[in-house]
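Data first, discussion second: the structure below is written as structure tokens.
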Amino acid sequence: VTIADSGSNTLYKRSTSTYGGNTYGLVQSKASAGVPAFVAGSNDTNWRSVTDGWRKANSYMTLTAINQGGHYNTSTTRFTAPFAGPYYFVYNVYMYTSNYEHPQFFVNGSGAGAGRYDTPYRIRNYGFVANYQGDLQMEELINLSAGDYVEAYYYAGGTGYIYEAYGIFQGCYVG
């Protein structure tokens, strides 16, 4: 018995195998076929800024340490879900702001959507106050449909800066 999604990815497979005269039952699932996972970073040593608005935070994260399944695109710097289910994402970067800054994951180009408890706005970190340097990190479990893509953004009220060489954008399927 084999169950596959519309992209012919094996979701579940039950079969038997014989070894040493004994017959064993085998089960293959998405997890045993290889969990989509990535760890992306940057060697960009420039401070990147935004003033009074949103900026794609991981736009210079063109290097991968892990890209299992090849679902993180180093040209677009976005992760695209190969199949539906829950995915766990983390974004961490070194930052400085003259006013206020917070990160947010965007799904399919939008920060609005089905956030926790159906809130229309997904802020997962309240940010930092003026004239402060430090690590900015957010984590979120996001239920995606096949083909949905995820990017990290940040908002700055005033002028905010990030240093992507000290950052990481990573995620994996956890269903």
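The values are calculated or read from the model by the stated rules, or taken from the named source; none is laboratory data. Bear in mind that the values here come from a model prediction, so they are computed numbers and not experimental data. Virtual Cβ from ideal backbone geometry, glycine too; neighbours counted across all protein chains shown. Note: areas computed on protein heavy atoms with side chains; ligands, DNA, RNA excluded. Shrake-Rupley method; radii C 1.70, N 1.55, O 1.52, S 1.80 Å.
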query: Out of all the residues in region 62-77, which are farther than 10 Å from Gly41 by Cβ and assigned to a loop (DSSP other than H, G, I, E, B)?
result: Gly69, Gly70, His71, Thr74, Ser75, Thr76, Thr77
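Answer with yes or no whether Asn43 is over 15 Å from Gly171 (Cα atoms), open to solvent by 70 Å² or more (accessible area, probe 1.4 Å) and either modelled with pLDDT of 80 or more or within 14 Å of the chain's Cα centre (by Cα) (or both). Lay out the reasoning, then the answer.
Values: over 15 Å from Gly171 (Cα atoms): yes; open to solvent by 70 Å² or more (accessible area, probe 1.4 Å): yes; either modelled with pLDDT of 80 or more or within 14 Å of the chain's Cα centre (by Cα) (or both): yes.
Yes: the conditions hold for Asn43.
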message: Of all residues being touching a residue at least 24 places away in the same chain (Cβ under 8 Å) and either under 12 Å from Cys172 (Cα atoms) or among the hydrophobic types (A, V, I, L, M, F, W, C) (or both) in region 62-77, which is surrounded by the most Cβ atoms within 10 Å (Cβ to Cβ)? Just the residue, please.
response: Tyr72
- prompt: Quick one: in region 134-175, which of the residues that are open to solvent by 10 Å² or more (accessible area, probe 1.4 Å) and within 16 Å of Asn46 (Cβ to Cβ) is farthest from the chain's Cα centre (by Cα)?
  reply: Thr159
field: Scope region 85-112; condition open to solvent by less than 10 Å² (accessible area, probe 1.4 Å) and of a type in the set (S, T, N, Q); matching residues
entry: Thr97, Gln104
query: Condition test on Ala165, is it over 21 Å from Gly53 (Cα atoms) and either in a strand (DSSP E or B) or at pLDDT below 95 (or both)?
result: yes
- prompt: Does Ala65 qualify as being modelled with pLDDT of 90 or more and out of contact with any His (no Cβ under 6 Å at 6 or more places or on another chain)?
  reply: yes
query: Restricting to region 73-111, what's the tally of residues that are more than 21 Å from Ala165 (Cβ to Cβ), modelled with pLDDT of 90 or more and among the polar types (S, T, N, Q)?
result: 2
